[in-house]
Structures are given as C-alpha cells and as structure tokens.
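Working notes, structure below.
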Amino acid sequence: MSAQGTPNAAGRTAGVSKAITKETPKGAWTVTFLLFLFMVVNFADKIVVGLAGVPIMTDMKLDAEQFGLLGSSFFFLFSISAIVVGFIVNKVPTRWVLLTLAVIWALAQFPMVGTVSFTTLLICRIVLGAGEGPAFSVAAHAIYKWFPDEKRTLPTAILSQGSAFGVILAVPALNWVIVNHSWHYAFGALGVVGLIWVCAWLALGKEGPLEDTQVLAVTEPKIPYVQLLTSRTFVGCVIATFGAYWALSLGLTWFTPFIIKGLGFSQSQAGFISILPWVFGATIVLLTGWISQVMMARGYSTRVSRGVLGSVPLVIGGLFLATMPHVQGAGLQLALLVIGSGLCGAIYVVCPPMLGEFTPASQRGAVIAIYGALNTLSGIIAPSVMGTVIQRAGSMLDGYMTGFTINAVVMVASGVIGLLLLWPNTEKARLTRGAAPQAAALESAVSPT
C-alpha cells in the first residue's frame with residue numbers, strides 16, 4: 001500500500017513488469033500528437049470568452065453576475081454530454097466520436113463572427129460545452145488503446161499538456177485579433193482551426209490495436225458499475241479533481257478580467273500575462289507524468305506514484321492561493337495565483353490512469369467519462385460564485401480576493417480527501433476478486449477441451 005519495502009522487492013516488481021509489458025504499436029505517438037492538438041483546440045475554445053471578457057462586457061453592457069453566468073453556461077450540458085458519450089465509446093470506435101466532437105466545436109464558433117445578442121452567445125457556449133464535455137475522457141480512452149497500463153502516465157501527461165499549450169499558443173494570437181480587429185473574429189478564427197484539425201484527423205487518425213472494445217465487451221469479465229463508481233479511488237479522483245477544476249474554470253473565465261480590472265494591466269499586456277499560469281502548469285504536468293513513470297519503474301506502488309503524487313500539489317497550491325489577500329503588490333499577488341493554480345495540474349495526469357488500473361477496458365470509456373462529468377460540475381459553480389462575490393463586494397479587488405480565498409479552501413479540502421482515498425493498487429485487488437470466478441467461467445466456456 002506504499003512504496004515497495006526493499007530494493008529486492010522493487011527489483012522483482014520491475015522484473016515482472018518487464019516480463020508482461022506489451023510493446024507500444026507503431027503509430028501510437030502520431031495519434032498521441034494529434035490528440036494533443038485536439039486538446040489544444042479544446043482549450044483555445046474555452047479560454048476565448050475569458051480573454052475577451054472585458055471587451056464583451058463593455059460591448060454587451062454586462063455586469064459581473066451576467067458574465068459569471070456566461071462563464072458557467074459552458075458547463076450546463078458539459079457533464080451530461082460526457083456521461084452519454086462515455087457509454088457510446090464503450091461500443092463505438094473513438095476515431096469517429098472524436099471527429100464528431102471536433103465538428104461540433106467548429107460550427108459552434110461561427111455564429112459569433114457577426115453581431116450577436118447575449119442570448120445567442122449563451123446558447124453557442126452551451127452547445128460548445130456539450131461538444132467539449134466528453135473531449136478529455138474520450139481522448140484518454142483512445143490513447144489507452146495504444147499504450148499498456150505501465151506506459152500510460154506519460155501519454156496522459158502529454159494529452160493534458162494540450163490544455164496548457166492551447167492557452168499558451170492561442171492567447172497571444174487571439175489577443176492580437178481582439179486588440180487589432182474584434183473579439184468576434186477571434187471566435188471565427190477558432191472555428192477555422194477546428195475544421196483544419198478535423199481534416200488532419202480524417203487523414204491520420206486511427207483506432208488503437210491493443211484493445212478491441214467490441215470483442216472485450218463479450219469476453220471480458222465485468223465489474224458492476226455501482227462497485228466501480230463507489231470505490232474509494234473513484235470517489236477520491238472525483239473530489240480531488242473537482243477542486244482542481246474549480247481553479248481551472250476560474251482561470252478560463254476570470255483570470256484576464258482580474259488582471260485588467262483588478263490589477264490594472266491593459267488588454268495588450270493581458271495577452272502575455274494570461275499565459276503564465278499555463279506555462280507553469282505545463283511544467284507541473286510534464287514533471288508529474290515523468291516522475292510517476294520513473295517511480296513505477298522503480299517499484300513504487302501506484303498509491304504513491306499516482307495517488308500521493310497527484311494530491312499533495314493540490315493542497316500546496318491551495319495554501320499559496322490562501323495567502324493572496326494578505327500580501328501587497330500586484331506582482332506578488334500574481335505570482336501566488338500563477339503558482340497556486342498551476343500546481344493543480346498534477347491531479348489531471350494521475351487520475352485517468354488510476355481509474356484505468358481497476359476498470360475493465362470495455363467499461364473504461366464510461367467510467368472515465370463519468371469521472372470527468374462529475375468533477376467538472378465545479379465549472380458550473382465557480383464562475384458564478386466569483387461573479388456574485390465581486391458584484392456584492394465593497395470593492396472589485398476585495399471581491400476577487402474573497403473569490404480566490406474560496407478557491408483555496410476548496411483546493412485544500414479536495415486535496416486532503418484525495419490523499420486519504422486514492423489507493424488504486426488495493427482497489428484493483430478488491431474489485432477483481434469478484435470478477436475472477438466470472439473470468440474462469442468464460443474461459444471454460446470458450447475452451448475447446
């Protein structure tokens with residue numbers, strides 16, 4: 001339940017791993033790169049409203065509560081869509097599901113190119129959220145068809161990096177469009193980029209050869225969903241990532257308005273400053289993926305190399321955010337916000353592989369999707385809470401600081417709960433005990449002797 005006790009034990013574990021490790025098929029990294037770009041587009045789509053927040057509020061005469069509603073609207077169908085599509089990818093090839101999602105993203109952007117009402121903007125964001133809700137879980141499920149379990153953490157980290165690079169690459173370009181042309185054209189540019197990815201995926205995207213979901217659905221022993229979804233590791237992943245996503249959704253909606261209206265920077269300066277949390281977060285994500293795989297290769301249990309490694313940065317990040325209202329100076333406050341929110345990235349890297357450890361492959365798409373649907377519910381709550389707090393505060397800056405303090409409490413609490421509940425290695429042994437007789441029955445049924 002912790003690191004292996006002795007070097008010999010570690011060596012034995014590593015030896016067994018090498019003996020049973022599957023080879024990574026040719027083309028795995030090409031698909032990983034395409035899905036990385038898929039997540040780049042995904043997060044560019046997400047960030048554009050926050051980046052253009054001040055011009056949108058000015059042009060459409062929106063107050064803080066209305067803008068908070070706009071930020072939350074993206075998540076209204078996000079979770080429902082994630083669950084529905086999660087069950088679909090248990091039986092339908094991920095190649096076509098990913099293609100359909102990307103087409104929806106692109107088409108949802110184009111209505112904003114012309115003059116648009118608040119209602120139309122709201123509806124388009126809801127539709128976009130429905131298309132993007134299943135994105136990460138379906139992409140992770142697709143990648144896991146290309147990599148065996150012990151090699152999945154690094155590809156998951158690369159996939160997660162798409163969120164950071166989606167912001168790092170898109171923010172300067174979109175901000176230039178906003179400053180020099182109009183926020184309307186920023187949405188149109190994203191629609192065009194989405195269609196380009198669709199063409200690339202049609203040409204190069206393939207289904208992974210390590211798992212045939214349709215065959216596994218018939219031959220693989222099943223674990224009842226109620227057991228999978230009430231397992232402590234599943235609950236711990238949902239709660240821990242709920243806190244991380246609270247910070248992420250605030251960053252998507254409120255970070256740029258905060259640095260402009262709260263700290264006094266210009267829209268042009270915001271184009272550079274807005275990428276800082278994502279640069280730091282990208283470093284954390286890659287570092288976590290690399291450290292996790294090194295620890296597993298050295299024989300550490302996944303309780304340590306995934307569960308502890310993902311939860312502790314969440315607690316530390318919350319403590320950084322909690323100090324923001326108590327320091328002076330825009331630079332120091334900005335640094336605390338960047339570090340605190342960036343540390344959340346570690347949990348995104350470790351949770352999908354942990355769920356994949358004990359979930360049968362034919363059920364994995366649905367389980368990862370339900371995990372994503374539940375933890376992203378904080379995306380509905382957090383932007384609206386921040387908008388309400390700002391609207392009712394004595395001053396705008398006080399409102400922002402209160403909102404970030406609430407964020408800090410959520411992060412610390414969720415990180416501590418994750419630290420207590422994430423035990424994927426023992427979860428696997430417990431859940432698969434009941435599946436063993438079923439597997440033996442299936443084997444005898446298909447055996448020729």
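The values are calculated or read from the model by the stated rules, or taken from the named source; none is laboratory data. Values in this document were obtained by computation on a predicted structure and should not be read as measured data. So basically every Cβ, Gly included, is an ideal-geometry build from the backbone, and we count neighbours across all protein chains shown. Side chains are part of the model used for accessible areas, which takes the heavy atoms of the whole protein and leaves out ligands, DNA and RNA. Shrake-Rupley method; radii C 1.70, N 1.55, O 1.52, S 1.80 Å.
Of all residues in the range 62-76, one or more are among the aliphatic types (A, V, I, L, M), open to solvent by 60 Å² or more (accessible area, probe 1.4 Å) and within 23 Å of SER384 (Cα to Cα).
Quick grid of which residues meet (1) more than 18 Å from the chain's Cα centre (by Cα); (2) of a type in the set (A, V, I, L, M):
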residue	(1), (2)
LYS261	yes, no
GLY264	yes, no
ILE273	yes, yes
LEU309	no, yes
ILE316	yes, yes
LEU321	yes, yes
ALA330	yes, yes
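In the range 115-132, the qualifying residues are those that are small (Gly, Ala, Ser) and open to solvent by 10 Å² or more (accessible area, probe 1.4 Å), and the one that is nearest to PRO55 (Cα to Cα) is SER117.
For the range 230-248, name all the residues that are more than 14 Å from GLY345 (Cβ to Cβ) and in contact (Cβ under 8 Å) with a residue 24 or more places away in the chain. Scanning the range 230-248 gives SER231, ARG232, THR233, PHE234, VAL235, GLY236, CYS237, VAL238, ILE239, PHE242. One residue stands out in the range 87-105 among those that are of a type outside the set (A, V, I, L, M) and touching a residue at least 24 places away in the same chain (Cβ under 8 Å): the one that is surrounded by the fewest Cβ atoms within 10 Å (Cβ to Cβ), namely LYS91. The condition (being touching a Cys at 6+ places or on another chain (Cβ under 8 Å) and either among the basic types (Lys, Arg) or open to solvent by less than 20 Å² (accessible area, probe 1.4 Å) (or both)) is satisfied by just one residue among ALA108, ALA28: ALA108. Might you let me know whether the range 247-261 holds any residue that is open to solvent by 10 Å² or more (accessible area, probe 1.4 Å), touching a Phe, Trp or Tyr at 6+ places or on another chain (Cβ under 7 Å) and either at pLDDT below 85 or of a type outside the set (D, E, K, R) (or both)? No, the range 247-261 contains no residue that is open to solvent by 10 Å² or more (accessible area, probe 1.4 Å), touching a Phe, Trp or Tyr at 6+ places or on another chain (Cβ under 7 Å) and either at pLDDT below 85 or of a type outside the set (D, E, K, R) (or both). Of the helices (runs of 4 or more DSSP H) lying entirely inside the range 15-108, the ones with 3 or more residues being at pLDDT below 90 and over 21 Å from the mean Cα position of the chain (by Cα) are found at 53-60, 64-73. Reported count of residues in the range 364-382, each being in contact with a His (Cβ under 6 Å, 6 or more places away or on another chain) and surrounded by fewer than 21 Cβ atoms within 10 Å (Cβ to Cβ), is 0.
From GLY299, GLY329, which residue is free of Cβ contacts under 8 Å to residues at least 60 places away in the same chain, small (Gly, Ala, Ser) and open to solvent by less than 50 Å² (accessible area, probe 1.4 Å)? That would be GLY329, the only listed residue that is free of Cβ contacts under 8 Å to residues at least 60 places away in the same chain, small (Gly, Ala, Ser) and open to solvent by less than 50 Å² (accessible area, probe 1.4 Å). Among the residues of the range 339-363, the ones that are over 30 Å from TRP146 (Cα atoms) and open to solvent by less than 20 Å² (accessible area, probe 1.4 Å) come to 1 in all.
Table: residues versus (1) of a type in the set (S, T, N, Q); (2) modelled with pLDDT of 90 or more; (3) crowded, with 18+ Cβ neighbours inside 10 Å.
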position	(1), (2), (3)
GLY208	no, no, yes
ASP212	no, no, no
VAL218	no, no, no
LEU229	no, yes, no
ILE239	no, yes, yes
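Taking every residue in the range 159-187 that is closer than 13 Å to ILE47 by Cβ and open to solvent by less than 20 Å² (accessible area, probe 1.4 Å) and pairing it with any residue that is aromatic (Phe, Trp, Tyr) and at pLDDT 90 or above, at least 6 positions away or on another chain, the pairs with Cβ-Cβ distances below 6 Å are GLY162/PHE36. Every test in (1) touching a Cys at 6+ places or on another chain (Cβ under 7 Å); (2) without any contact (Cβ under 8 Å) to a residue 60 or more places away in the chain is passed by PRO224 save one, and that test is (1). When the test is whether a residue is open to solvent by 30 Å² or more (accessible area, probe 1.4 Å), at pLDDT below 90 and among the polar types (S, T, N, Q), THR405 does not pass it.
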